[in-house]
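The values are calculated or read from the model by the stated rules, or taken from the named source; none is laboratory data. The structure presented is a predicted model; accordingly, all values stated were derived computationally and were not measured. Note that each Cβ is placed from the backbone with ideal geometry, even for glycine, and that neighbours are counted across all protein chains shown. Ligands, DNA and RNA are excluded from the accessible area calculation, which covers all protein heavy atoms including side chains. Shrake-Rupley method; radii C 1.70, N 1.55, O 1.52, S 1.80 Å.
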Amino acid sequence: MWNLTRVTSNLRQSRRLSFAIPPSISATQIDPSFFKRGLPLTACKNFSTLETQESGGLIPSELLTNKTILRPDRDIGQYADLVTRVTNFHGEDKGFMVLAGDVFDVPIRKDIIHRVVRWQLAKRQQGTHSTKTISEVSGTGKKPYRQKGTGRARHGTLRGAQFRHGATMHGPKPRSHAIKLQKKVRRLGLKIALSARTAEGKLIVFEDLAVPSHKTKNIVNYVAQMENTKKVLLVDGGPIDGKLKLATRNLHYVNLLPSIGLNVYSILLHDTLVMTQDAVSRIVERMHTPINR
C-alpha cells in the first residue's frame, strides 16, 4: 500500500501528458498549433506514455472526430478517453492509440485497492502449515506414574503440550486462507491501478516487445533511458518472447507478464508499466466482457 499512497498523493501534482477526449467541443474548434507545442517529458527521455509529437506532427483527425481536447492539468477520473503515443524500445514514433476512459481514467479509490490486494495475498498463501495434536505425536500412552502419593502433579500421558516432544495445542492445520471478493470489485481494482499509473505518466505503450537479441545489456540500456524508473513491468498480449525472457531473467528490477496475468499487486510493486498495443486491447476487451454470474 506504500505505492498506492504515493500515487494518490501525486495525482493532483502530476502532469498528465495525454489528451482527454470527453464529448463537449468539436475537434474542428481546436487550434492545430496546440498539438505542435509539445509537452515536457516526465516519464522517460526518449519516450513517454502520453505526449504529443514534438517533431511537429498532428494527432490523426480520426482520433479526434467530435471529441474534445483538455489541458494536461484536467481533473482525473472523468472516464475520458486518452490519446497516447505508441513507441518501442528504441524510442521510435509508431503512431497513436486511444486508451478507453472507462479502464484507464476511473476515479482513484484506495479502499478498493486495499480489498483487492488483501484478496490476492490471502489467496496465494499455500496453507500447508500443520502441527501435531496429542493423538498424532509420537510417544507412549502409558501413565507415567501413579495418581497419588508421589507429591508431583498428576499426569496421564507424556505426550501433553507441557512435556518435551509433546503435542502443540491449538496449532495451525492445513486450510485455505482465501477470502471472497466479488468479481466486479476485483475488476474495478485493476482499472484503478491502471488509471493511477496513467495519471502519473508511468504507463508506456509499445508497438511490441521485440528485442534484437537475448543480451541483457540491451534491456539495461533501454531501462536506463527511462527517468525515475526503479522497477519495470513489461506486459505483452500473448506468450512472452523467448529472447526477452533470456534478456531479463537476471534483472531483478524488470519483470514480465502476459496480459492474462496482469494484476493489481504486480502493478503496485513496479513504478513503471510498459504494455504492448495487443496487451492494451486484450485488457480493454477483458474489462468490457460481461461478468458471468
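Counting only protein chain heavy atoms and rolling a 1.4 Å probe, the accessible areas of Met169, Met275 rank, largest first, as Met169, Met275. Extension gain, Glu92 to Tyr145: 0.36 nm times the residue separation minus the Cα-Cα distance gives 10.6 nm.
Summing Lys, Arg as +1 and Asp, Glu as -1, what charge do residues with Cβ under 13 Å from the Cβ of Ser281 carry, Ser281 excluded? Walk me through the numbers before you get to the answer.
Numbers: positive: Arg282, Arg286; negative: Glu207, Asp208, Asp236, Asp278, Glu285.
Result for the local shell: -3.
Which net charge results when you count Lys and Arg as +1 and Asp and Glu as -1 among the other residues whose beta-carbon is under 13 Å from that of Gly139? Mind dumping the intermediate values first?
Numbers: positive: Lys132, Lys142, Lys143, Arg159, Arg164; negative: Glu136.
With Lys, Arg at +1 and Asp, Glu at -1, the neighbours total +4.
As a calculated quantity, the FRET efficiency between His155 and Gln182 at R0 = 41 Å, using C-beta atoms, amounts to about 0.20.
On full extension, the segment bounded by Asp75 and Leu269 gains 67.3 nm, given 0.36 nm per residue less the C-alpha separation.
Using a Förster distance of 35 angstrom, determine the FRET efficiency expected from the C-beta separation of Ser213 and Tyr253, and round it to 0.05. Provide the component values of the computation, followed by the final result.
Details: r = 20 Å, r/R0 = 0.57.
My answer for the efficiency is 0.95.
The stretch between Gln277 and Gln162, if pulled fully straight at 0.36 nm per residue, gains 35.1 nm over its current Cα-Cα span.
Do the alpha carbons of any pairs in Lys183/Lys215; Lys132/Lys183; Lys94/Lys217; Lys173/Lys231; Lys110/Lys202; Lys183/Lys243 sit beyond 30 Å of each other, and which pairs?
Violating the 30 Å limit, Cα to Cα: Lys183/Lys215; Lys132/Lys183; Lys173/Lys231; Lys183/Lys243.
Placing a pseudo-label 7 Å from each Cα along the Cα-to-Cβ vector at Asp111 and Lys132 gives an inter-label distance of 4.8 nm. Count Lys and Arg as plus one, Asp and Glu as minus one, and take only other residues whose Cβ is under 11 Å from that of Ala210; the net charge is then -3.
When peptides 209-221, 125-137, 183-195 are ranked by their average number of other Cβ atoms within 10 Å per residue, the highest-first order is 183-195, 209-221, 125-137.
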